Amino acid sequence: MKHTATRRNERGHTLVELLVAIGILGLVTAGVFGQLNTAAQRIYTEQVKVDNFDQARDFVDQFFRDINQIGYPNGRIVTGISGISDSRVAVGLVQISPNSIWFEGDISGTGVVQEVQYKINGSTTCALCFQRSAVPKVNGVNVATYLTGQSTGAAVPDWGTEVNDLTTPIIFTYFDANGNQITPPAGGYDIVNNGTSLAQVKTIHMSLTIQDPNVTDPKTHQQIQTSFEGEVSLNNCSLAANGFNPMSCQ
């Protein structure tokens, strides 16, 4: 009788109890995996943003390094200059627009003046790419021919470094020494027709917004957008207005 009573007290769980336990375990497991999935989605989204931010920052850093050499060396430094077409002198700004900028400067510190351009779709092969070109200035070629790029002997752009999937409507904003905004038209200001306006530019604000249409946030299902901004002041004089006189920092 003792043996029989003991066996009755050692009976297992019922099927209902097992099903309830499995259900609870399933809910807990689902909750844990749901949180892990959400965390993975957020990590992915933030990584995309970091990658885009790093891409934009590296490009802006390159722009700032270039712009710090704009207009160097100018006509006051180099003697015997025959005009602004002389390859030994950098005139500074050549052309500006809301989405492009063109200037001259010894950006590498080697004494070679470069024609530097930043432009959306400069190569005409990438509509949403922001691209950069830097080529040596050609001696004796009239500056006006640089604007067309069609004259024999003019420097031919060499488009390279780029920011992809750019959606910024206006990349460059320009200000004079008093902080007043200079607003060039869509076609821009150039050294041939708007030299006085170019010579007034003292500060350049740059804004980049990147949004890849093929990459979305797994949680919100919205396209991932990353923005980067920066501002730089021009250090050197500009020869844009009336050849060598007056200079912007005179």
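The values are calculated or read from the model by the stated rules, or taken from the named source; none is laboratory data. These figures come from a predicted structure and were not determined experimentally. With ideal geometry, Cβ positions are generated from the backbone for all residues, glycine too; neighbour counts draw on all protein chains shown.
Worth pointing out:
- For the range 194-217, the candidate set comprises residues that are out of contact with any strand residue (DSSP E or B) (no Cβ under 7 Å at 6 or more places or on another chain) and exposed (fewer than 15 other Cβ atoms within 10 Å of the Cβ); within that set, the residue that is farthest from residue 183 (Cα to Cα) is 214.
- Looking only at the range 141-174, residues that are crowded, with 18+ Cβ neighbours inside 10 Å, modelled with pLDDT of 85 or more, more than 14 Å from residue 129 (Cβ to Cβ) and among the hydrophobic types (A, V, I, L, M, F, W, C) come to 1 in all.
- Filter pass, residue 133 being outside any loop (DSSP other than H, G, I, E, B), surrounded by fewer than 24 Cβ atoms within 10 Å (Cβ to Cβ) and free of Cβ contacts under 8 Å to residues at least 60 places away in the same chain: yes
- Among the candidates 183, 226, residue that is surrounded by fewer than 20 Cβ atoms within 10 Å (Cβ to Cβ), polar (S, T, N, Q) and modelled with pLDDT of 85 or more: 183
- Filtered residue count, the range 45-83, keeping only those that are at pLDDT below 75, in contact with a strand residue (DSSP E or B) (Cβ under 9 Å, 6 or more places away or on another chain) and of a type in the set (A, V, I, L, M, F, W, C): 1
- Residue match in the range 90-112 (condition: among the charged types (D, E, K, R), assigned to a strand (DSSP E or B) and modelled with pLDDT of 85 or more): yes
- Long-range neighbours under 6 Å by Cβ, at least six apart or interchain, first residue of a type in the set (Gly, Ala, Ser) within the range 209-230, second in a strand (DSSP E or B) and surrounded by 13 or more Cβ atoms within 10 Å (Cβ to Cβ): 227/209; 230/206
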